Amino acid sequence: MGKVDDMRKLREAQFAQRERAAGGTSKKAAEEPASEEPVEDAGASHAADAEGTCAACGKVKPLHNGLVAVHQKGLGKVCAGSRKAPR
């Protein structure tokens with residue numbers, strides 16, 4: 001599933017939990033059985049393999065679409081390894 005679906009499920013679970021705590025029932029909670037499974041963080045499953053080493057400066061940076069994230073080498077200067085494949 002994608003990040004948007006994970007976040008939607010998290011919001012729905014939180015809303016259902018608040019409704020149960022308040023004693024009311026929402027229309028959606030009444031239709032679907034309450035899930036007791038813990039909802040995992042949306043980005044936690046991707047955190048381990050979503051990092052790479054910059055080819056220019058050697059720093060470990062997050063990856064976006066397989067490329068190293070944009071980062072600065074100095075004050076206002078973009079690193080030459082930004083938006084390139086990691087080493």
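Every number here is computed from the coordinates shown, using simple stated rules; none is lab data. In this text the structure is predicted, and so the values were computed from the model without any measurement.
Structure notes:
- Potential lengthening between LYS84 and GLN17 on full extension [0.36 nm per residue; Cα-Cα distance subtracted]: 19.8 nm
- For the stretch 55-70, 3J(HN,Hα) per residue [Karplus equation, 6.51 cos²θ - 1.76 cosθ + 1.60, θ = phi - 60°, Hz, x = Gly/Pro]: 6, 8, 9, x, 7, 7, 10, x, 9, 10, 6, x, 10, 5, 5, 5
- Amide proton proximity set for LYS73, modelled H, under 5 Å, gap of 5+: VAL78, CYS79
- Long-range amide H partners of GLU51 with built H, under 5 Å: LEU63
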